[in-house]
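Q: Before I ask anything, here is the structure I am working with.
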Amino acid sequence: MLRLKSPVLLLTLLFISIVNYSQEKNYIAFTIKNELKENANAVIRDYTLEVSIEDVDKMIVTKRKVVTVLNKSGNNFASIAESYDNDTKITSLSAKIYDAFGNEIKKYKERDFFDVSAVDGGSLYSDAKVKYVNYQPISYPYTLVFESEYKTKTTGFIPWWFPVSGYYVAVEKSNYIIHNPKEISWRIKETNFDNFKIEKEITNQKLSYSLANQNAFEYENSAVSYRDFLPKSIVALDKFYLKDVYGEYTNWKEFGAWMNATLLKDRDILKQATKDKVLALVEGVTDPLEKAKIVYEYMQNKTRYISVQVGIGGWEPIAANEVDEVGYGDCKGLTNYTKALLDVVGVTSYYTIVYAQEKRNLDKDFSSMQGNHVILNLPNNGKDVWLECTNQEIPFGFLGDFTDDRDVLVIKPEGGEIKRTSSYKNEVNLQSSKATIQLLESGDVTASLERISKGLQYDDKFNLEGYTEEELNKYYKSRDWSYNNNLEIISANLENLKDSILFKEKIDLKISKYAAVNDKEFLFRVNVLNKNNYVPKRYRDRNLPLKISRGYKDIDTYKIIIPNTYSLEYLPENQEIKTKFGTYKLSFLKKNDTTFEYKRELSIKEGIYPKEEYSKYRSFRKKIAKLENTRIAITKNK
C-alpha cells in the first residue's frame, strides 16, 4: 500500500486532479469570473442552439445548455424540459447535475423524464406535450448540463436566438448556428446587436452567432422592457411547412393572403338554423355597428372560452359550426365564429393576430410566425372597432390593457395589413370621486363615496360586478384602502354601464380610530380615500431609460365635516406641481366653521424618458407622497 506522508504532496495531487477535471468539464462553480457573478442569479456557461434545415419540410434542432445556478432565484434559468407534438419527435434527451466542485450528483436519461400535456387545466385538448424533470436542488451553487435533439416536419417555427434571456443572468458563452445546405431562401432580423460584442458569420448555407462574457443586467423599476435592449435574432424561411401545409411568403401582405387561403378557408360555415336566428335578431336594424353589437352580445351569451391548442400548429381555428354546436372555443375559434356570424348579417370583419397581455408589437418590418392571441377588426369609416371575443363580460369595442395600443396583423382576403389597436392614453383613464366625510368626536370617520371610472381604470374595476359581498369587502380592504386600518364597508352598490364604458361605485364606509385625539386637538390625515404614496426606488447609477407605461388621471373632491365641538382655525396652502411627467394639484376651501372642501388632482403621463430624467421623476413622486400625507389639526372649543 502506498502511503503519502507529505501533506504538501497530497494537496498538490488534489489540486492537479481538480484542475484537470475542470479543464475537461469546466463545471466547477468557483472558476466563474467574479464580474460575471455580479448581479447574477445564474450564469450560462455554455449554450449552443444548432438548427439543421435539411429541406422545406425537415428540420433538426439540437440544444446543449450548461448553466450554473448561484442561488434559489436562479432556478428558472435551469429548466429541464423539451416540448413536442404529433409533428415533432424527440430523438435525444438527457440531463446531469453537478455540485459546486464539479462532481456529478444526479443523472437523468430520457426514460426518467415525465411526459405530460404542455397546457394547463384550462385547455380542452392539445397535441402539444412536454417531457420534463423537476429537479429540487439540495445546495447552491450547482450546474446543470441539459442536452436535447428533436426532428420536425414544421419549418415555419425556427427557434429564435435570445442569448441573454432576461435580468440577473450572465453569459460565459452562447452560440446560435443554422445550417441551410439547400440554400432555401431566408430572411434574418437582428435586433439590439449594436451594444453587444457578437461575433457573426452569414452565408447562403450557414448562419452563426456567438456572444461571450456578457455580464448580468439588474432589473430597474419603471424601465423599458428587456425586449427593448437585449439582443435577439429571428430567422424565417420564405418557403416552409406548417403541419404538412405548404406555405410561402416574404412580407406581411403575402403572409396574410397565405393564411386566409389555407388556415381560414372554409372555417366560416354555419348551419341554416343559426343563420336564421341571427338574421332575426337584427331584423329592421340598418346600421352595421348596431348589428355588430347585437351579434357580439349573442356570441358572448352563447359561448365560453376554453383553450384549444390543436389544428395546424395551433394556428388554425376550430370551424364556426363546431363552436356553434358545442358553445365553447379558444381565441381563434371564438373570433372566427364571431366573424362568421357577422358575415351572415352583412357586417365586414377581419381575423387579427396580436401579442396579448404584455404590451408588445408585431414586428411590422419582418414577417414571420408571431403573436399569441387573436381578436376581431371591424372597419368603421376609417375608425376601426376592435372586439375581444374570449371575454363574456367585456363591453363591445373595448379592449382594455390586454391588447390595446400595439401593432397587429389584420388578415384580409387580399393579404395581411399591419394596423394599431385602440389606445387609452393619460386622462382618458379617469377616476373621479366625490365624498362626504364626517369626523366624529371619538376619532372615527364615516364616509359616503361616489366614484366613476373610465378607460383603463374602468378595465380595472368592471369585473367587480360579479364579486360576492365577501369578495368585495376583501378587495376594498386589501387593495383600495389597505392603508386604512379598522375600515368597515357598510354598503357597496355597483353599476356597470357597458354602453358608456363607465363604472360607478357608491360606497358607505366607516374607519374606527382614524384620527389622533387628545384633550386639546384632533389630528387627522386629510386624504382619506385615495392616498398614493408611491416613490420609485433610488438608484445611484441608473442604467436604463425611464418608462411610464400607463398614464392616468384621478380627481377627488371631498366635503369634510368636523365635529361642532371643534374649531377649524387653519387650512394648508394650496399646492401645484407641474412636470413633464404629470401634474399634482391640491386645494382647500373653507365653507363654514365646521365644513371645508378638499380637492386633489393627480395626472401621470405615459412616456419614455432618458435615464438621466429618472431622478427628476423620483423627486416628483416624492413630493406627491409627502403632500398625500398632509395632516390637519382642529382645536377643541373651550
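Read-outs throughout are calculated quantities, based only on the coordinates presented, and are distinct from any laboratory measurement. Keep in mind that this is a model prediction, so the values were computed, not measured. Cβ atoms come from the backbone with ideal geometry, glycine included; neighbour counts cover every protein chain shown.
Q: Rank the residues Tyr483, Tyr142 as a footprinting-exposure proxy: fewest other Cβ atoms within 10 Å of their Cβ go first.
A: Numbers: Tyr483 13, Tyr142 23.
Ordered by Cβ neighbours within 10 Å, fewest first: Tyr483, Tyr142.
Q: To continue, here is another question. Run through region 539-571 and list the chymotrypsin sites (Phe, Trp or Tyr not before Pro) located in a DSSP loop whose Cβ has at most 12 other Cβ atoms within 10 Å.
A: Working: sites: Tyr539, Tyr552, Tyr558, Tyr566, Tyr570; in loops: Tyr539, Tyr570.
Here the sparse-neighbourhood loop sites are Tyr570.
Q: Could I ask something else about it? Run the dipole for region 349-426 about the Cα centre, Lys and Arg Cβ at +1, Asp and Glu Cβ at -1, nothing else charged, and hand back the magnitude in debye, nearest 20.
A: 140
Q: Something else now. Of the GluC sites (Glu not before Pro) in region 262-330, which ones lie in a loop per DSSP and count no more than 12 other C-beta atoms within 10 Å?
A: Counting only loop positions with at most 12 other Cβ atoms within 10 Å, the GluC sites (Glu not before Pro) in region 262-330 are Glu283.
Q: As I understand it, the dipole of region 544-625 uses +1 on the Cβ of Lys and Arg and -1 on the Cβ of Asp and Glu, about the Cα centre. Which of Tyr598, Asn574, Tyr584 lies farthest toward its positive end?
A: Towards the positive end, the residue furthest out is Tyr584.
Q: Magnitude of the Cβ-charge dipole of region 426-636, K/R +1 and D/E -1, about the Cα centre, nearest 20 debye?
A: 1180
Q: Extent of region 26-242 along each principal axis, from alpha carbon coordinates, in Å, largest to smallest?
A: 46, 42, 36
Q: Tell me, what are the semi-axes, in whole angstrom and largest first, of the equivalent ellipsoid of region 249-420 as set by the roots of 5 times the Cα gyration tensor eigenvalues?
A: 24, 17, 16
Q: Nothing charged except the Cβ atoms of Lys and Arg (+1) and of Asp and Glu (-1): what's the magnitude of the dipole of the chain about its Cα centre? Round to the nearest 20 debye.
A: I would put it at about 2300 debye.
Q: Please say if region 267-342 is rounded, prolate or oblate, where rounded means a/c under 1.5 for a ≥ b ≥ c the square roots of the C-alpha gyration tensor eigenvalues, and otherwise the choice is prolate for a/b larger than b/c and oblate otherwise?
A: Cα axes put region 267-342 in the prolate bin.
Q: At 222 nm, what helix-only mean residue ellipticity would the chain give, in deg cm²/dmol to the nearest 500, using -39500 (n - 2.57) for each DSSP H run of four or more?
A: Taken over the chain, the calculation gives -5000 deg cm²/dmol.
Q: What do you get for Rg/Rh over region 431-559 if you use C-alpha atoms and the Kirkwood form of Rh?
A: Value, to two decimals: 1.04.
Q: Further question: Please go through region 427-534 and write out the trypsin sites (Lys or Arg not before Pro) that DSSP classes as loop and that have at most 12 other C-beta atoms within 10 Å.
A: Lys513, Lys520
Q: Taking the Cβ of each residue in Trp160, Trp258, Trp252 as the centre, tally the other Cβ atoms inside 10 Å and list the residues starting with the fewest.
A: The fewest-first ordering by Cβ neighbours comes to Trp160, Trp258, Trp252.
Q: Now a separate question. Two decimals is fine: what is log10 I(q)/I(0) at q = 0.05, 0.11 Å⁻¹ for the chain, from a Debye sum with one equal scatterer on every Cα and no solvent?
A: For the requested q values the scattering log ratios are -0.33, -1.24.
Q: On to the next question. Can you find, among Leu456, Tyr350, Ile511, the residue sitting farthest towards the positive end of the charge dipole of the chain, where Lys and Arg contribute +1 and Asp and Glu -1 at Cβ?
A: Of the candidates, Ile511 comes out farthest on the positive side.
Q: Among Gly74, Ala435, Thr262, whose Cα sits farthest toward the positive end of the charge dipole of the chain (+1 at Cβ of Lys/Arg, -1 at Cβ of Asp/Glu, about the Cα centre)?
A: Final value for the positive-end residue is Gly74.
Q: If we count other beta carbons within 10 Å of each Cβ, what is the order of Thr595, Thr468, fewest first?
A: Thr468, Thr595
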